[in-house]
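Participant: One structure is given below, represented as structure tokens, and several questions about it will come after.
The values are calculated or read from the model by the stated rules, or taken from the named source; none is laboratory data. On a predicted model such as this, the values are computed, not experimentally measured, just so you know. Note that each Cβ is placed from the backbone with ideal geometry, even for glycine, and that neighbours are counted across all protein chains shown. Side chains included, ligands, DNA and RNA excluded: accessible areas come from the protein's heavy atoms. Shrake-Rupley method; radii C 1.70, N 1.55, O 1.52, S 1.80 Å.
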Amino acid sequence: MGSIHVLRGSDYPLPPALLQAYADASTVVMEIDLDEMDTPEVQQEMMQAAALPAGQTLPQWLGAERYQRASRLAAEIGVELGSFDQFAPWFVAEAISQLQLMQLGFGPEAGVEMYFRGRARADGKSTRGLERAHDQIALFESMPMERQADYLLASLEDAKSLPSQVNAMVAAWRRGDAGWFAAQMRQEFGRDPRLYQSLLVARNRKWIPAIEAMLNEDRNLLVIVGTGHLSGQDSVIDLLRRDGISVTQR
């Protein structure tokens, strides 16, 4: 199942095909086990990864020209970049995007994963993750600082169009338009193919053996990942088909 990690309350109820897929499954598998994300250990690791080392600041890493540009772009959406000066560029990009989404009424508590985690708890179904929370944190933390800076600036440059983009994304997701997501991935990551490889393709390849092993289990499992992982070349769907596995979209 392709998910949207943040949704609005008005985006419910979910499409019938998603609800039926959940009903048919005994176990729900997500990118990470959300219960793990709630632990103090993971929260501490996240904050340690997000903070720059003592004595270092965001202006130092971006440089005067890029920091000024980033500050201007942030101000255009009502964000004071100076409040993030002690944090790594990747975290600043993520935090500002989340702040924008919250202002638009979106929130992770209304996302697809949170919804099905709640359903699974109530229904006594087991949940697990394809990777550990540490894996996702390390993915950003290990990103070279120059690439982090590019990621932050690209995110801020796209920020003004986020309201229209996110509405288009939800609409495409509800109608099952995988082509829209494939085109969006090419556009967003076309500026930095290395980012596309690390954030999407490398993780897709890592998940494939685990997903294929699930096909040998004598039960139905529902695997929920971001829709971007299921669209286009080198997606989970593409890689499964290359291995001779038939994949049908409902």
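Participant: Based on Cα positions only, what radius of gyration and what Dmax would you give for region 40-127, in angstroms?
Facilitator: 17.2, 54
Participant: What FRET efficiency do you get for D192 and S10 if R0 is 22 Å and r is their Cβ-Cβ distance, rounded to the nearest 0.05?
Facilitator: Details: r = 34 Å, r/R0 = 1.52.
That pair, D192 with S10, gives E of 0.05.
Participant: Still on this structure, I have one more. Specify the inter-centroid distance of region 1-33 and region 46-82, based on alpha-carbon positions, in whole Å.
Facilitator: Between the Cα centres of region 1-33 and region 46-82 lies a distance of 35 Å.
Participant: Give me the percent relative contact order of region 149-250, please, defined on Cα pairs under 8 angstrom at least 6 residues apart. Write down the numbers at each step before the final one.
Facilitator: Values: 54 pairs, mean separation 27.2, N = 102.
For region 149-250, the relative contact order is 27 percent.
Participant: Can you give the convex hull volume of the alpha carbon atoms of region 209-250 per residue, in Å³? Walk me through the numbers on the way to the answer.
Facilitator: Details: hull volume 3.6 nm³, N = 42.
Considering the Cα atoms of region 209-250, their hull volume per residue is 87 Å³.
Participant: How big is the equivalent ellipsoid of region 175-229 along its three axes, where each semi-axis is √(5λ) from the Cα gyration tensor, reported in whole Å from largest to smallest? Mind dumping the intermediate values first?
Facilitator: Numbers: eigenvalues 134, 47, 7 Å².
That gives 26, 15, 6 Å for the three semi-axes.
Participant: Related question: Just the number please: accessible area per residue for region 11-130, 1.4 Å probe, all protein chains included, in Å².
Facilitator: Details: 5990 Å² over 120 residues.
Computed with neighbouring chains in place, this is 50 Å² per residue.
Participant: Beta carbons within 10 angstrom, averaged per residue: use that to sort the peptides 236-242, 75-81, highest first. Kindly include the intermediate steps, with their values, before the conclusion.
Facilitator: Details: 236-242: 16.4, 75-81: 13.9.
Averaged packing, sorted descending, gives the order 236-242, 75-81.
Participant: Here's another thing I want to ask about it. Viscosity 0.692 mPa s, temperature 37 °C: what is the translational diffusion coefficient of region 104-151 from Stokes-Einstein with a Kirkwood Rh over Cα pairs, rounded to a whole number of µm²/s? Don't jump to the answer; show the numbers that get you there.
Facilitator: Details: Rh = 13.6 Å.
Translational diffusion coefficient: 242 µm²/s.
Participant: Note the full-extension length gain between E146 and R128 as 0.36 nm times their separation in residues minus their Cα-Cα distance, in nm to one decimal.
Facilitator: On the way: separation 18, 0.36 × 18 = 6.48 nm, distance 3.40 nm.
Here the segment from E146 to R128 would lengthen by 3.1 nm.
Participant: Here is a follow-up. Could you work out what % of the accessible surface of the chain is carbon and sulfur, using a 1.4 angstrom probe and leaving DNA, RNA and ligands out of the count?
Facilitator: Details: 6830 of 12660 Å².
So the carbon and sulfur contribution to the accessible surface is 54 percent.
Participant: Could you work out how far helix 112-123 tilts from the main Cα principal axis of the chain, as a 0 to 90 degree angle to the nearest 10?
Facilitator: Roughly 40 degrees, rounded to the nearest 10.
Participant: If the viscosity is 0.692 mPa s and the temperature 37 °C, what Stokes-Einstein diffusion coefficient in µm²/s follows for region 92-250 when Rh is the Kirkwood radius over Cα pairs?
Facilitator: Values: Rh = 17.5 Å.
D, rounded to a whole number, is 187 µm²/s.
Participant: Here's a follow-up. For a distance above 17 Å, tell me the whole-number percent of Cα pairs in region 87-171 that qualify. Could you put the intermediate results ahead of the total?
Facilitator: Details: 2219 of 3570 pairs.
The answer is 62 percent, as a whole percent.
Participant: What length, rounded to one decimal in nm, is gained on full extension from Q165 through to D24, with 0.36 nm per residue of separation minus their alpha-carbon distance? Kindly include the intermediate steps, with their values, before the conclusion.
Facilitator: On the way: separation 141, 0.36 × 141 = 50.76 nm, distance 3.24 nm.
Gain in length upon complete extension: 47.5 nm.
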